[in-house]
Every structure is written in structure tokens, then in C-alpha cells.
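> Got a structure here, written out as C-alpha cells. Questions coming.
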Amino acid sequence: MENKINTASQLTFLERIESLKAGILSGSMTFLTFSLLIGFNILILANQFEALEPVEIIFDIRLIVRSAIAFISGFLFGVTYRYVVRSDRNPHLNSGAVLAFGLVRGLGELDGGLNTSENGWFFAVVVAESIVLFAMARIVLDLALKQGWVKPFNSNSNWG
């Protein structure tokens with residue numbers, strides 16, 4: 001009986017390590033993509049289009065907080081995505097997870113009032129930015145799963 005418990009806790013530990021790897025990889029990619037999008041927003045969108053001036057980002061504590069939130073939400077996406085895709089490879093689940101996380105983050109930013117001068121373009125940019133963040137994380141996670149760097153969650157595991 002004790003051997004079964006040790007095996008089950010070992011499998012649980014290994015699953016947690018794989019989830020941690022997926023989370024760190026996804027969080028890092030989300031942070032990197034967020035940083036690139038901030039640069040794009042500052043250099044191009046806010047300067048080129050008057051309607052998108054509210055998108056312009058000022059380097060302050062809010063940017064640090066938003067960057068941390070991007071990493072944390074990317075981390076949580078990575079852990080969740082690993083469990084969502086499992087080993088059955090359903091493309092609707094993959095895309096649905098990206099869309100769900102992107103919409104929740106984008107709509108949450110709008111609801112949170114990070115910018116008080118929202119307009120239709122601001123809404124579109126924030127939601128599109130959020131979807132792009134998780135789409136990039138998905139691409140990296142799919143590559144990591146395909147290469148075996150991160151193992152997919154096996155829902156058919158014998159836990160005891």
C-alpha cells in the first residue's frame with residue numbers, strides 16, 4: 001500500500017514540475033510579447049493615429065504592474081493550457097483557451113479603468129493585444145509540447 005502512495009505522490013510531483021515549466025515558459029513569452037507590444041504602441045500607434053493616443057504608455061509604476069500582471073496571467077495560462085490540451089490535440093480547445101484568456105484579460109483591463117479616456121479604438125487595441133499575448137504563448141507552448149520540452153498532461157494516468 002505504501003508503494004502505491006509513493007508512486008502516486010511521485011506522479012503528482014512530476015505533473016507539478018511539468019506545469020511549472022509550462023507556466024514559466026508561457027509567462028516569459030507573454031512578458032516578452034507584452035514588452036514588444038508596448039514598444040509598438042509607443043513608437044507607432046500612439047504617434048501615428050490621433051484616435052489611439054490613449055494607448056500611449058508612460059513609463060511609471062503602472063507599467064511595472066501591468067508587466068507583472070502580463071507575466072502572472074501568462075503563467076496561469078501556461079498551466080491551464082497544459083491541462084486543457086492534454087494529449088488529445090483538439091484545435092477548438094487550443095483556440096478557445098487563447099480566446100477566453102485574451103477576452104478576460106482585455107475586458108478586465110477596460111473594466112479596471114486603466115485608462116479613463118477609452119474609445120472604440122482603445123477597446124479594440126486592448127482586446128487584440130490580449131489575444132496576441134496568449135496566442136504567442138500558445139505557439140511557444142505547442143512547440144515545447146511537440147519537442148518534448150514540456151510533457152502534456154496525461155488524463156489517463158493511473159494514480160493509484
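> Given (1) modelled with pLDDT of 75 or more; (2) in contact with an Asp or Glu (Cβ under 8 Å, 6 or more places away or on another chain), where does residue 42 come up short, assuming only one miss?
(1)
> While we're here: Which residues, counting only those in the range 10-29, are within 25 Å of residue 68 (Cα to Cα) and hydrophobic (A, V, I, L, M, F, W, C)?
17, 20, 22, 24, 25, 29 - these are the residues of the range 10-29 that are within 25 Å of residue 68 (Cα to Cα) and hydrophobic (A, V, I, L, M, F, W, C).
> Considering the range 82-93 alone, what residues qualify as being in contact with a helix residue (DSSP H, G or I) (Cβ under 8 Å, 6 or more places away or on another chain) and more than 12 Å from residue 21 (Cα to Cα)?
83, 84, 85, 93
The values are calculated or read from the model by the stated rules, or taken from the named source; none is laboratory data. Because the structure is predicted, anything quoted here is derived from the model rather than measured. Neighbour counts are summed over all protein chains in view; Cβ atoms, including those assigned to glycine, are modelled from backbone coordinates with ideal geometry.
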